[in-house]
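> Please see the structure below; I have some questions.
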Amino acid sequence: MDDRFERYVTELFAAEDPILAKIRARHTAEKLPPINISPEEGKLLHLLLLTIQAQRVLEIGSLGGYSGVWLARALAPTGKLTTIEKDARHARVAREAFAAAGLERRVELIEGSALDILPTLQGGFDAVFIDADKEPLPQYFDWGMRLLRRGGLLLCDNAFFHGAAVDPNDRSGPAVGVRAFNELAAHDPRLVATIIPVRDGLVIGLKTRDNA
Ligand code: DHB
Ligand code: MG
């Protein structure tokens, strides 16, 4: 998106409160990779969860907790965000973010590798947001679909992956993973999906049919 439009949307619709601004500042101070979602992407995720009145949400890849706060704030006080993070330092910063936002009781952070943790989770999630390493994206797709309820949302960051999605000559592991995920999302008969061109692209899919 043109930077001017991005700024316009952010300032008008996705202005951060002091808590989100502080979480982002911590993220920078702790030198976490600068790959967190943007405010307007956070607002979109938040709005999508509100539209389905989500109660149980799964996030793969917590990073510093910035996206998790946008997600968890859309949940009722009885709702629960389960977020998975394999990097211990990221997990520590994310826990601090959830505490700073007063969301400790609405968020469960599980530390470890997603492919180890996903098989231990109970299905029936209202939404799954994938924002983690890109090589295993086809496996995250399968787990997301398995763990989602019918009527639930499959969401995945970095659908364009800086242009790698439209560059078939890019045979790097992450690029191949992103393209494979997009193709699965486009063709799976259980899913009605598209890409919203916010920041680096957000796949959004509604699971309209049960698993076979
Ligand atoms: C990158 C960006 C992301 O948003 C992410 O989730 C992973 C990697 C990147 O720019 O490399
Ligand atoms: Mg991302």
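The values are calculated or read from the model by the stated rules, or taken from the named source; none is laboratory data. As the structure is a prediction and not an experimental result, all values here were calculated from the model. Reconstructed Cβ throughout: ideal geometry from the backbone, glycine too, with neighbour counts over all protein chains shown. The accessibility values were calculated without ligands, DNA or RNA, using every heavy atom of the protein model including side chains. Shrake-Rupley method; radii C 1.70, N 1.55, O 1.52, S 1.80 Å.
> Which strands (runs of 3 or more DSSP E) sit wholly inside region 106-185 and have at least 3 residues that are open to solvent by less than 20 Å² (accessible area, probe 1.4 Å) and not polar (S, T, N, Q)?
Hits in region 106-185: 125-130, 148-157.
> Listed residues Ala88, Ala101; which is surrounded by fewer than 24 Cβ atoms within 10 Å (Cβ to Cβ) and under 18 Å from Glu16 (Cβ atoms)?
Every option except Ala101 fails the conditions.
> Being more than 16 Å from ligand 2 (Cβ to nearest atom) and under 15 Å from the mean Cα position of the chain (by Cα) narrows it down to one of Leu81, Leu58, Leu103, so name that one.
Residue meeting the stated conditions: Leu81.
> Now, a different point. Go through (1) open to solvent by 40 Å² or more (accessible area, probe 1.4 Å); (2) free of Cβ contacts under 8 Å to residues at least 60 places away in the same chain; (3) touching a Leu at 6+ places or on another chain (Cβ under 8 Å) one by one and return the number of the condition Asn36 breaks.
Among (1) open to solvent by 40 Å² or more (accessible area, probe 1.4 Å); (2) free of Cβ contacts under 8 Å to residues at least 60 places away in the same chain; (3) touching a Leu at 6+ places or on another chain (Cβ under 8 Å), Asn36 violates only (1).
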